[in-house]
Each structure stands twice: as structure tokens, then as C-alpha cells.
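The values are calculated or read from the model by the stated rules, or taken from the named source; none is laboratory data. In this text the structure is predicted, and so the values were computed from the model without any measurement. Quick reminder, even Gly has a Cβ in these numbers, built from the backbone with ideal geometry, and neighbours come from all protein chains shown.
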Amino acid sequence: MLANRNSLLNIKDKTTRYLLSLARTPLVFYPYYRYHFPLPSVIMIENTNCCNSQCVMCPRDTLTRTPGFMDFGLFEKIIKEVSSMRRKPVTHLHGFGEPLLDRLLSDRITLAKACGIRHTYIVTNASLLFPETARQLINAKLDKMKISFYGTDEDSYSATMRRLQFKVTLQNIVDFIRIRRELKRTNPRLILQYLPHEANHARTEEFRALWNPLIDTTVGDCVNITSLHNYGGGRAYNRVGDKIVSICFYPWTAMSVLCDGRVVTCCMDYNGAQVLGDLNVQTVMEIWNGPVLSSARRNFGKLDYSGFPTCTCCDWVHRR
Ligand code: SF4
Ligand code: SF4
């Protein structure tokens with residue numbers, strides 16, 4: 001599943017908020033490029049890059065990586081390292097795929113929680129969120145789950161989230177909320193996300209009317225409306241000018257790991273064009289504090305994205 005910008009940054013973290021509050025211009029930011037957290041504030045670990053959907057706005061048609069799942073031993077190595085630090089990162093357990101296709105997902109969450117990770121998070125299309133899976137995720141102590149649900153009826157849903165079935169997914173989510181209540185649990189909190197798009201007729205108010213009566217705001221559930229972006233150049237929804245005007249903070253705050261263990265600049269680099277290291281042979285600390293990422297920070301700080309083809313197509317650095 002494709003994340004949005006805020007979900008990649010731990011904006012609840014005070015230091016991250018402070019960093020984000022710094023001006024995004026090189027003039028102000030450049031002197032600070034050497035300073036970064038000892039570990040990422042957020043780590044995104046892609047459990048799989050396989051997906052059972054073919055959403056109309058998703059650039060999966062340009063995915064060149066081999067489909068696969070992260071080896072559990074590699075996952076354990078990453079979790080043990082990041083959880084050994086005092087300041088543990090928010091841990092995303094998804095990437096450019098549907099995380100519920102992974103039969104080891106609840107084992108991964110259980111391990112992360114047992115190691116002391118306070119905040120685990122997935123983004124899913126919920127088409128496979130059947131009652132047994134719902135119980136497993138709740139019992140594994142998943143903290144937060146965003147559900148991409150991009151339609152308000154059968155037609156608008158299947159025109160956007162192609163291959164998925166409106167009624168099945170809707171029932172899954174309704175069942176999930178009931179099971180969580182029956183188990184007297186408050187986790188995971190749900191975010192029901194809508195993406196207004198011409199394929200689903202951008203019926204934002206209908207979406208709110210559908211979900212507001214169903215979600216449980218007393219445990220922190222909410223509805224979120226997001227917007228289209230260019231997915232690192234995989235799509236061209238927003239006009240990108242010639243000039244890059246903003247610094248992207250990801251190299252200072254977040255780390256994205258592909259399911260084969262390679263580390264890339266962010267989840268928008270879904271084809272692995274901007275590799276910063278390989279966790280099969282390196283540690284998180286070695287990559288985070290190593291020369292490749294340090295050089296990327298130095299270049300990003302000067303708005304120099306040459307050598308970063310995904311970034312130069314990214315709409316976020318072309319606007320303030
Ligand atoms: S659910 Fe849709 S947006 Fe998410 S990875 Fe699959 S095709 Fe892409
Ligand atoms: S500028 Fe690069 S690192 Fe930043 S969000 Fe865009 S693609 Fe990712």
C-alpha cells in the first residue's frame with residue numbers, strides 16, 4: 001500500500017516535529033544537514049510487494065521488482081536491532097504491496113511488540129481481513145491500521161480498487177469492529193481512508209456518511225481524506241515544474257526497507273532505483289550513519305537531487 005507523507009514521519013515525536021518546523025529552504029536548513037537522529041524515527045519494513053488489487057491510480061503496472069515476501073530471519077534481525085535502542089522507531093509493516101497476503105504478518109507484529117516496539121502500523125485494502133485474521137491482528141497487539149477504501153458503492157469501488165469486492169471488504173471491516181469490541185480491545189485504531197478520484201466520482205461526503213456511523217471514535221478510529229500524488233514519477237497527477245524548491249526530510253527521519261532487504265530513500269522508490277544499503281549484509285546503524293546516506297543528506301540539503309531519478313519526478317520537492 002502506498003503511504004502518504006505524514007504517515008512516513010513520526011509527527012507525534014517532538015524532535016521530528018521540531019525538525020519539520022525548520023524552514024525547508026537550503027539557506028536555513030543546510031547548516032543542519034550533518035545532524036540526524038541516532039536511528040530513524042520511523043522504519044518502514046515491506047513484508048511483501050505482492051498485491052491482490054490493481055488500483056487504478058497505483059503504478060503497480062510499472063513495478064519491475066520480483067514479487068516476494070521478506071525472510072523472517074532478516075525481519076527478526078532488523079527488529080532486534082532497532083528495538084535495542086532507547087528511542088524505538090515507529091514501525092510500519094507494509095510497503096508496496098498488500099500486507100495481509102503475508103501469512104507471517106501476525107508473527108511479525110507479535111515479535112515487534114515483544115521486543116518493545118511501541119507503535120506498529122499497517123496500511124491494507126482489508127479485502128482479506130476475514131474474522132480469523134482480524135482476531136490474529138488484535139491479539140498480536142497491532143497498534144494502528146489504515147484501510148484504503150476508495151469507493152462508496154459497488155460501482156465506484158470496483159472502478160477504483162479493481163479486482164476487489166465492495167461488499168466483501170465492507171463486511172470484513174464491520175466484522176473487525178464488532179470483534180474488537182467483543183474482545184474488549186481498543187487496538188488497532190482504524191483510519192478509514194478515501195481518495196477522491198474521477199474513477200470513484202470523488203464522493204467525499206458520501207464516504208463520511210458511510211463510515212462515521214460505523215467506526216468507534218471512542219477508541220480513536222477516524223476517517224481520513226487523502227489526495228493524489230505522483231508516486232515518485234509512476235503517475236503524473238500533479239504538474240511538476242523544472243525547478244526543485246523543497247528539501248525532502250526523509251533521509252533525516254525515516255528508513256524504507258524493501259522486502260529483499262535493500263534500503264531505499266523512501267517508499268516511493270518502489271523499483272529500488274535509489275538504493276542506500278542492504279540489510280542482508282549491513283546493520284541499520286551502519287546504513288543510517290554511513291557515507292551513502294550522509295552524502296544523500298548533504299545533496300538533498302543543497303536541493304541537489306541529481307543521481308536520484310525517483311526524487312526528481314516527485315511532486316513533493318517541486319512545491320513548498
Ligand atoms: S492495494 Fe492498490 S494502492 Fe495498494 S499496493 Fe495494491 S494496487 Fe497499489
Ligand atoms: S523527494 Fe525522494 S525521498 Fe523524498 S518523498 Fe520524494 S521520492 Fe521520496
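List of remarks:
- Failed criterion for Ser227 (all others in (1) crowded, with 17+ Cβ neighbours inside 10 Å; (2) touching a Pro at 6+ places or on another chain (Cβ under 8 Å) hold): (1)
- Wholly within segment 276-320, helices (runs of 4 or more DSSP H) carrying at least 1 residues that are over 14 Å from Trp252 (Cβ atoms) and within 11 Å of ligand 2 (Cβ to nearest atom): 309-312
- Matching entry among Ala140, Ala114 (being small (Gly, Ala, Ser) and free of Cβ contacts under 8 Å to residues at least 24 places away in the same chain): Ala114
- Ser41 passes every criterion in (1) modelled with pLDDT under 95; (2) away from ligand 2 (no atom under 16 Å from the Cβ) apart from (2).
- Any pair with Cβ under 6 angstrom, 6 or more apart, that starts in segment 276-300 at a residue that is on the phi > 0 side of the Ramachandran plot and ends at one that is surrounded by 14 or more Cβ atoms within 10 Å (Cβ to Cβ) and aromatic (Phe, Trp, Tyr): none
- Test: Tyr305 is among the hydroxyl-bearing types (Ser, Thr, Tyr), out of contact with any strand residue (DSSP E or B) (no Cβ under 7 Å at 6 or more places or on another chain) and within 16 Å of ligand 1 (Cβ to nearest atom): no
- The condition (being within 16 Å of ligand 1 (Cβ to nearest atom), out of contact with any His (no Cβ under 9 Å at 6 or more places or on another chain) and not hydroxyl-bearing (Ser, Thr, Tyr)) is satisfied by just one residue among Cys259, Cys267: Cys259.
- Segment 240-258, subset over 16 Å from Thr310 (Cβ atoms), in a loop (DSSP other than H, G, I, E, B) and in contact (Cβ under 8 Å) with a residue 12 or more places away in the chain, residue nearest to ligand 2 (Cβ to nearest atom): Val245
- Among the candidates Arg189, Arg203, Arg208, Arg180, residue that is basic (Lys, Arg), farther than 22 Å from Gly151 by Cβ, surrounded by fewer than 20 Cβ atoms within 10 Å (Cβ to Cβ) and away from ligand 1 (no atom under 16 Å from the Cβ): Arg189
- Yes/no for Ser41 being among the small types (Gly, Ala, Ser), closer than 23 Å to Gly232 by Cα and within 11 Å of ligand 1 (Cβ to nearest atom): no
- Residue within segment 232-252 that is of a type in the set (Lys, Arg), farther than 30 Å from Asn289 by Cα and within 14 Å of ligand 1 (Cβ to nearest atom) present: yes
- Cys50, sole failed condition from (1) within 16 Å of ligand 2 (Cβ to nearest atom); (2) under 29 Å from Ile173 (Cα atoms): (1)
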